[in-house]
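Just so you know, all these numbers are worked out from the coordinates, no wet-lab data involved. Since we're looking at a predicted model, the values are computed, not measured. Please note: Cβ atoms are built from the backbone with ideal geometry, for glycine as well, and neighbour counts cover all protein chains shown.
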Amino acid sequence: MHEIPVEDNISIKRKQLIFRSWHRGTREIDLLLGRFADARLPGFTEEQLLEYDRFLNNSDPDIYNWLTRQEPLPPAEDSEAVRLLLAFYP
């Protein structure tokens, strides 16, 4: 049995995250995260993908409030990937 090359694993992870971004359950978040994921995730590093993956574990209401600036982003969620997401929707 042979191992999957690292680049293939990153490519698979990228596709999974794009899918998760478009299929959250809340249409508004699907649109916000899906558009961002389509535009930016193809250029993300492995570390940025991991940061974004962790961010997606948050609830839709929290993500929506952070993206619309109704609530400040908690320090625990501050990462390069999330800063890129916030900058995508100034």
* Asked: How long is the gain from Asp38 to Ile10 if the chain were fully straight, where each residue apart is worth 0.36 nm and the alpha carbon distance is subtracted?
  -> 8.6 nm
* Subtract the Cα-Cα distance of His23 and Thr45 from 0.36 nm times their separation in residues, and report this length gain in nm to one decimal. => 5.7 nm
* Structure fact -> Going fewest to most other Cβ atoms within 10 Å around each Cβ, Tyr64, Tyr89 line up as Tyr89, Tyr64
